[in-house]
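Below: one structure, written as structure tokens.
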Amino acid sequence: MSGRLDQRVLVLNRLWQPVNIVGLRRALSLVFRGRASVLHAHAGEQRVFPAEAWLEHSRRHPPAPATAIRTPSLDLIPPRVVLLGEYDRVPRRDIRFSRRNVYLRDGHCCQYCGRRYPEEELNLDHVVPRDRGGVTAWENIVTACIRCNARKGNRLPTQAGMELRRAPARPRWRMLVAASLSGEETELWRDFLDVAPSGELPWRG
Ligand SMILES: [Zn+2]
């Protein structure tokens, strides 16, 4: 099998609510083990394709070679949204604590001056410094620009006369997803994700 295995696939539960984003390989495995169906817009209408129907659909409407998943028997259309079966659940997604995810949570805005910066001009700041017992966790790490980070130094915000824009917390999965979508994904998934046209943080709840 070859093709664009780095593509991401949106997983919906049986209520058509987004529950996860997985790689193409995992999505195909869900479909061909019968745990999920492909949700695909055809002739202006969202249709649900179980595995066999998806093979048939791919035969009748061969994908462009550049996008196809090559298999020995046919060129498969890569699914971009899959719908879990009635009793299936995908394990709870884990939000990895990482530099990139902290930046995404904070919208790439310094949490002290409020300005937005490219990643190379940002740092992670321990709100309560490590040598005062501050932990490296969602609740104590914020995005800071290099200037604010240097100004604050090894002090508490109040000691530095600085104020946080908002209290840091573990982000909601949906919020991070929305912040990380590519333009193509925003277009493809907007019906399911409630993505605002501007691409701004779109989540209602
Ligand atoms: Zn700043």
ask   = Rounded, prolate or oblate: which fits segment 99-152, taking a ≥ b ≥ c as square roots of the Cα gyration tensor eigenvalues, rounded meaning a/c under 1.5, else prolate when a/b beats b/c?
value = oblate
note = A chain fully extended from ARG151 to GLU86 at 0.36 nm per residue, minus the present Cα-Cα distance, gains in nm 18.0 nm
task = Would you mind classifying segment 8-84 by shape? Square roots of the alpha carbon gyration tensor eigenvalues, ordered a ≥ b ≥ c; an a/c under 1.5 is rounded, otherwise it is prolate if a/b is larger than b/c and oblate if not.
result = prolate
Whole-angstrom gap from segment 149-190 to segment 97-121, using each part's C-alpha centre = 5
key: Nonlocal amide H pairs with LEU12, under 5 Å, H built at 1.01 Å   = VAL19, VAL82, LEU83, LEU84
ask   = For the Cα atoms of the chain, what angle does the longest principal axis make with the long axis of helix 51-60, in degrees from 0 to 90, nearest 10?
value = 70
key: Length added when fully stretched, ASP191-GLU45, from 0.36 nm per residue minus Cα-Cα   = 51.4 nm
request  = Could you list the residues of segment 142-184 with an amide nitrogen less than 14 Å from a label point located 7 Å from the Cα of ARG115 in the Cα-to-C-beta direction?
outcome  = 144-151
request  = Find how much the distance from LEU124 to ARG96 grows on full extension, using 0.36 nm per residue of separation minus their present alpha carbon separation; answer in nm with one decimal.
outcome  = 8.6 nm
inquiry  = Which of the three applies to the chain, rounded, prolate or oblate, going by the alpha-carbon gyration tensor with a ≥ b ≥ c and a/c under 1.5 meaning rounded?
reply    = prolate
key: Relative contact order of the chain, defined on C-alpha pairs under 8 angstrom at six or more residues apart (%)   = 17
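None of the figures in this text is laboratory data; all of them are computed from the coordinates on show. Remember, it's a predicted structure, so these values are computed and weren't measured experimentally. Here Cβ is always computed from backbone atoms with ideal geometry, including for glycine, and neighbour counts include all displayed protein chains.
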